[in-house]
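The values are calculated or read from the model by the stated rules, or taken from the named source; none is laboratory data. This structure is a prediction, so every number in the text was calculated from the model and none was measured. Cβ sites come from the backbone with ideal geometry, for glycine too, and all protein chains shown count toward neighbours.
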Amino acid sequence: MTGRVVHFEIPFEDGERARGFYREIFGWKAEIPPGMDYTMIASGPTVETGMPAEPGFINGGMLAKEHTVASGPVIVLEVDSVDDTLAVIEKQGGSTLVGRTAVGSMGFSAYFKDPEGNVMGLWETADQG
């Protein structure tokens, strides 16, 4: 299903401070994958793959402000095709900020600005076939 919220991102100036803040208040688990400048966030229980273990919540990430086009949190929406969706976004008055970008073998991300100035993310899961 396209258009559902599947991820969130929170920019930070101080990673340790940000991770500690959300860990202490909400119990979020933070993991920095080897070789990445990104913190994976589990906002609830997960299975071995890191995916939510129960319905009703999504996981996300944190990254340094200098590595994002957003000035605040970003909601990430799943789509069948990042390129096709960006084309429709442009036709509807939005703009592409970062085009289709591979995220390891997991899939592809992109960022756009809607006509109201909000920065949002797109996610296309890689073909697992």
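Overview of values
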| quantity | calculated |
| --- | --- |
| Odd one out for Gly56 among (1) assigned by TED's automatic domain parsing to the domain that holds Asp127; (2) out of contact with any helix residue (DSSP H, G or I) (no Cβ under 8 Å at 6 or more places or on another chain) | (1) |
| Counted residues, the range 53-88 - those being part of a loop (DSSP other than H, G, I, E, B), of a type in the set (A, V, I, L, M) and within 20 Å of Ala102 (Cα to Cα) | 3 |
| Which listed residue, of Thr2, Thr68, is under 24 Å from Asp127 (Cα atoms) and out of contact with any Gly (no Cβ under 6 Å at 6 or more places or on another chain) | Thr2 |
| Some residue of the range 93-114 being within 21 Å of Thr125 (Cα to Cα), over 16 Å from the mean Cα position of the chain (by Cα), at pLDDT 95 or above and surrounded by 11 or more Cβ atoms within 10 Å (Cβ to Cβ) | no |
| The range 89-103, residues that are in contact with a helix residue (DSSP H, G or I) (Cβ under 9 Å, 6 or more places away or on another chain) and without any contact (Cβ under 8 Å) to a residue 24 or more places away in the chain | Gly94, Ser95, Thr96, Gly99, Thr101 |
| Residue, modelled with the lowest pLDDT, within the range 33-52, restricted to residues that are in a loop (DSSP other than H, G, I, E, B) and touching a Gly at 6+ places or on another chain (Cβ under 8 Å) | Gly44 |
| In the range 63-88, the residues that are in contact (Cβ under 8 Å) with a residue 60 or more places away in the chain and either of a type in the set (Asp, Glu) or within 28 Å of Gly15 (Cβ to Cβ) (or both) | Ala70, Ser71, Gly72, Pro73, Val74, Ile75, Val76, Leu77, Glu78, Asp80 |
| Boolean, Glu116 is of a type in the set (D, E, K, R), assigned to a loop (DSSP other than H, G, I, E, B), within 29 Å of Asp14 (Cα to Cα) and not assigned by TED's automatic domain parsing to the domain that holds Lys29 | yes |
